[in-house]
Structure formats: C-alpha cells, structure tokens
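Let me begin by presenting the structure, written as structure tokens, before commenting on it.
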Amino acid sequence: MTPPSDAAPQPFATGSAAAGSAVATSTPGALAPAPVTRATFDEVMVPCFAPAPFVPVRGEGSRVWDQEGRMYIDFAGGVAVTALGHCHPAMVKALNEQAGRIWHVSNWYTNEPALRLARRLTDATFAERVFFCNSGAEANEAALKLARRYAHDHYGPDRVRVISTLNAFHGRTLFTVTAGGQAKYAAGFGPNPTGFTHIRYNDVAGLEAAFAEEGGSDICAVILEPMQGEGGMIPGSKEFLQAARRLCDAHGALLILDEIQSGMGRTGALFSYMQKGVTPDILTAAKGLGGGFPIGAMLTTARIASAFSVGVHGTTYGGNPLACAVAGAVFDVINTNEVLDGVKARHSLFMEGLKAINARRRVFCELRGEGVWIGCELDARWKGKAMDVMTAASACGLLVLVAGPDVVRIAPSLVIGLDEILEGLTRLETALGRALS
Ligand SMILES: Cc1ncc(COP(=O)(O)O)c(C=O)c1O
C-alpha cells in the first residue's frame with residue numbers, strides 16, 4: 001500500500017514534470033518530438049471528447065502534473081481505472097520485465113501471463129473460465145454474445161431477449177450501447193440490435209413484469225451493474241439483485257453482472273457481488289483490472305463457457321502478455337486484506353469529510369456509494385452544476401468526475417494517501433465555493 005506521504009501537497013506545486021511534452025525530452029541523436037498542447041487536440045482528434053484545458057504529463061500515486069508543472073490531487077482515477085494510482089512500482093516492474101520478454105503472440109498460442117492471470121481470477125471468484133479482451137465494452141459484448149449463444153445451443157433460436165436497465169452504462173459498441181438504455185448514447189446509429197427490454201433500476205416489480213411477458217421463455221439474460229456508475233452512482237439494492245438471480249434461475253436465463261467499474265476492490269471486496277449475496281453466471285471486468293493498462297475480461301463457469309467453442313468468438317489482442325502481466329501485478333496488490341480493508345477505511349474518511357463540507361455549505365442532498373466510489377448528489381438549488389464543480393475543481397488542483405449532470409463522482413486510487421484525501425477534500429470545498437455561488 002502506498003504510505004501516506006508527510007508533505008501536504010501544494011496547489012499548483014511545481015513538480016519535476018514542469019517541462020512537459022510541450023518541451024519534450026529527447027534521446028541524443030533522436031529528433032525531438034513535436035511540441036503538442038491542448039489546442040492540438042482540436043486540430044487532429046475526432047471531436048467525440050472535450051478534454052480539460054490542461055494536458056497531464058506525469059503521475060505518481062494520487063498526484064498528477066500537467067504540462068505547466070501544476071499538481072493535481074487525483075480523485076478521478078482515470079474514471080475508476082488507476083486502482084493503484086499512477087506508476088505503482090509493482091505495475092512498473094511487471095511491465096518492464098514483460099517488455100523485455102515477449103509482447104504479443106496472438107491467440108494461435110497461449111502465454112504465461114494470461115494463464116497466470118486467469119488462474120488468479122478463477123481461484124478468487126465463482127468463475128471457472130476466463131475470456132480476455134481489451135476494454136469493458138468488449139467484455140460486455142462477449143458476455144451478451146455468450147448468453148445468446150448459450151441460449152441458442154440449449155433452448156433453440158427464439159430465446160434472445162435480454163433484460164437490462166434504463167440509465168445503465170455497458171459500453172459503446174452497438175450491442176452494449178443498446179443494452180445501456182440511454183437514448184443519448186444510442187440515438188442516430190440505428191438500426192440497433194433488437195431483443196432488449198429495459199426496466200427501471202432497482203424496480204423488482206418491473207423485473208418480475210418483464211419475466212412475466214411470454215412466460216419468460218424468450219429471455220436469455222439479465223445484465224446489471226451492481227451499482228449504476230455512469231448513470232448517477234445508484235447502489236443496487238440487495239432485493240433487486242437477488243430478485244434478478246431468483247428470476248434467472250426460475251426461467252433458465254443467465255445473470256450477467258457488469259463489474260467493470262465496481263470490480264477489482266473498488267467497493268472494498270474484490271468484486272462487488274461478493275458482498276451482495278448474489279453470484280452471477282457471467283461477470284465482466286475491465287478498468288481497475290489493468291490499473292491503467294487496457295484489458296478486459298469475461299468470467300464464467302465451464303458449462304456456460306463451452307458455448308464459445310473454437311472460432312465462435314475472439315480478438316487479436318485478448319490476453320496480451322503485457323496487459324496480463326500488469327493485471328497480474330495489480331491483482332496481487334489489490335486482493336489482500338490490507339488493501340481491501342484500507343478501501344473501507346478510506347470510505348469512512350471520505351464520507352466524514354464530505355459530510356463536514358456539507359454541514360458547512362449545504363450543497364449536497366445525498367452522499368452515497370461504496371468503498372472509494374462515492375457520488376455526491378447536488379442539492380435542488382445546484383442541479384445541473386456537476387460539470388461546473390468538476391471544472392472549478394481542476395482549477396483548484398483537484399481531479400474529480402461527474403456521473404450525470406447532478407452528481408459529483410469520486411473514484412480515486414484504492415491506496416490513495418490519507419493526507420491526499422484530506423488535501424483533496426479541502427480543494428473540493430474551495431471548488432464548491434467557486435462553482436456554486
Ligand atoms: C459499468 C461499465 N460498463 C462498461 C463500461 C465500458 O468500458 P470501456 O469504456 O472500457 O469500454 C464502463 C465504462 O465506463 C462502465 O462503467
């Protein structure tokens with residue numbers, strides 16, 4: 001675990017990254033890389049993102065420096081990805097060692113880091129089989145395809161319906177964006193895949209009604225996040241998740257839990273299902289799995305996995321040795337009592353600090369979440385201002401996230417220093433004062 005550092009970080013303290021990629025370093029004899037700035041983004045990148053006005057160039061633990069040398073406390077974690085912070089020594093070591101060994105072999109061969117990572121994941125979870133890929137969307141795409149294929153093979157071609165929830169987020173492929181049930185992400189790309197029934201999250205009666213249609217005999221799967229992250233940080237109730245399990249069992253459907261954001265220790269358990277009393281048939285992981293190195297995984301049982309026989313599904317980079325070596329190192333650090341208990345302790349520290357801020361400022365109507373995954377819903381007076389808080393926070397030297405227009409989201413490293421939590425909360429309070437006045 002990263003020990004809390006003694007030195008309180010200074011807003012905009014100049015770090016050794018003061019001269020970032022705008023004045024890039026060069027190897028003797030090599031051409032210096034061309035200077036780039038935030039403005040370059042608008043000149044050369046597809047405009048589907050609107051990045052902040054500064055460019056991060058270096059990270060260490062839970063601190064990030066931009067091109068100007070300004071330092072930011074990182075409460076965003078690259079959207080719940082950098083589970084061990086930036087450049088954790090165990091990850092750097094694993095990457096460097098693997099980089100000197102072998103980078104890529106394709107799935108015509110297997111490789112040691114992938115096998116070791118799959119062994120770790122199956123030993124630690126309900127799963128007996130793992131499929132590796134490169135992102136969360138790809139893991140969910142594989143999960144949905146597997147559910148359809150399994151149903152096809154066991155029940156025939158008519159069992160295709162998938163129950164998913166409104167305001168969910170499962171990725172940006174056409175299949176996963178359709179599953180997500182958010183029109184703003186799915187509109188304009190049609191025809192979208194069919195066969196989805198969207199119900200309200202945490203609505204047990206709605207779930208039962210969806211199963212009652214056609215007697216439930218056309219349903220191949222239910223896909224759920226244990227807590228809706230992008231959709232506003234809405235924790236799934238045990239009743240809802242357990243009802244999904246019960247109904248899937250009763251109707252021969254598969255329960256897919258999307259643990260892409262909730263997994264890998266973020267809630268204080270290795271995977272969130274472990275503390276919800278519900279075991280899925282298929283689980284998807286990504287984000288924190290690689291701690292910043294792109295990797296996704298779909299976990300399932302041997303029986304279900306057998307529906308993906310040779311050639312039925314695949315991906316060039318899935319199980320890439322570099323990604324799996326890093327993910328193996330991440331796994332070994334996270335899957336310890338020290339780190340998982342530390343997540344719970346950090347949760348308490350965050351909640352105490354946020355409640356104290358709210359007692360002084362009265363800006364939040366609800367503080368909710370699990371582990372180091374917290375949503376701060378803005379009070380009625382400040383609805384729609386979450387993005388303003390995020391922008392003000394970065395001007396105060398703090399990276400935070402939003403989850404929709406009304407919720408400020410915190411998803412830092414699982415091992416963020418305790419002093420960094422306190423300093424970040426101080427910066428957040430300053431930002432709230434600036435944004436909400
Ligand atoms: C719950 C959930 N599922 C799937 C995804 C998609 O992951 P990726 O962006 O790696 O494709 C995300 C990303 O935010 C997510 O939060």
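The values are calculated or read from the model by the stated rules, or taken from the named source; none is laboratory data. What you are looking at is a predicted structure, and each value in this text was computed from that prediction instead of being measured. So basically every Cβ, Gly included, is an ideal-geometry build from the backbone, and we count neighbours across all protein chains shown.
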Worksheet, complete the sentence: Selection over the stretch 66-83 where residues are of a type outside the set (S, T, N, Q), within 17 Å of residue 260 (Cβ to Cβ) and assigned to a loop (DSSP other than H, G, I, E, B) yields a count of 3
Worksheet item: Looking at the stretch 272-288, which of the residues that are more than 12 Å from residue 227 (Cβ to Cβ) and within 14 Å of the chain's Cα centre (by Cα) is nearest to the ligand (Cβ to nearest atom)?
Response: 286
Worksheet item: Of the residues 19, 50, 99, which single one is at pLDDT below 95, farther than 18 Å from residue 287 by Cα and of a type outside the set (S, T, N, Q)?
Response: 19
Fill in: Candidate set: the stretch 79-96, residues that are within 16 Å of the ligand (Cβ to nearest atom) and touching a strand residue (DSSP E or B) at 6+ places or on another chain (Cβ under 9 Å); chosen: the one farthest from residue 332 (Cα to Cα)
79
Discussion item. Just checking, does the stretch 343-366 include any residue being of a type in the set (Phe, Trp, Tyr), in a strand (DSSP E or B) and surrounded by 17 or more Cβ atoms within 10 Å (Cβ to Cβ)?
Written reply: yes
Worksheet item: Mind checking which residues of the stretch 179-192 are touching a strand residue (DSSP E or B) at 6+ places or on another chain (Cβ under 9 Å) and either among the aliphatic types (A, V, I, L, M) or away from the ligand (no atom under 13 Å from the Cβ) (or both)?
Response: 179
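I need the full set of residues from the stretch 123-148 which are touching a strand residue (DSSP E or B) at 6+ places or on another chain (Cβ under 9 Å) and either among the basic types (Lys, Arg) or part of a loop (DSSP other than H, G, I, E, B) (or both), in order please. Spell out the reasoning first.
Taking the stretch 123-148 as the starting set, the residues that turn out to be touching a strand residue (DSSP E or B) at 6+ places or on another chain (Cβ under 9 Å) are 125-144, 146-148.
125, 126, 127, 128, 129, 134, 135, 148, listed by residue number.
Kindly establish whether residue 120 is in a helix (DSSP H, G or I), more than 16 Å from the ligand (Cβ to nearest atom) and at pLDDT 95 or above. Steps first, answer last, please.
Numbers: in a helix (DSSP H, G or I): yes; more than 16 Å from the ligand (Cβ to nearest atom): yes; at pLDDT 95 or above: yes.
Criteria met by residue 120.
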Worksheet entry | Test: residue 197 is more than 13 Å from the ligand (Cβ to nearest atom) and of a type in the set (Ser, Thr, Tyr) | yes
Fill in: Meets criteria (among the hydrophobic types (A, V, I, L, M, F, W, C), surrounded by fewer than 20 Cβ atoms within 10 Å (Cβ to Cβ), modelled with pLDDT under 95 and under 25 Å from residue 287 (Cβ atoms)) for residue 45
no
Fill in: Residue, nearest to residue 295 (Cα to Cα), within the stretch 255-266, restricted to residues that are more than 11 Å from the ligand (Cβ to nearest atom) and assigned to a loop (DSSP other than H, G, I, E, B)
264
Practice prompt. List every residue pair whose Cβ atoms lie under 7 Å apart, where the two residues are 6 or more positions apart in sequence or sit on different chains, the first residue falls within the stretch 153-179 and is touching a residue at least 60 places away in the same chain (Cβ under 8 Å), and the second residue, located anywhere, is among the aromatic types (Phe, Trp, Tyr) and more than 13 Å from the ligand (Cβ to nearest atom).
Written response: 162/196; 164/196
Fill in: Exclusive hit being farther than 14 Å from residue 232 by Cβ, buried (at least 17 other Cβ atoms within 10 Å of the Cβ) and among the hydrophobic types (A, V, I, L, M, F, W, C), set 408, 402, 339
339
Item to complete: Could you please find all residues in the stretch 164-200 being under 20 Å from residue 243 (Cα atoms) and either polar (S, T, N, Q) or part of a strand (DSSP E or B) (or both)?
Response: 164, 165, 167, 196, 197, 198, 199
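Among the residues that make up the stretch 244-254, is at least one of them in a loop (DSSP other than H, G, I, E, B) and within 13 Å of the ligand (Cβ to nearest atom)?
Taking the stretch 244-254 first, the residues in a loop (DSSP other than H, G, I, E, B) are 252-253.
After this cut, where a residue has to be within 13 Å of the ligand (Cβ to nearest atom) as well, the list is none.
The answer is no; no qualifying residue exists.
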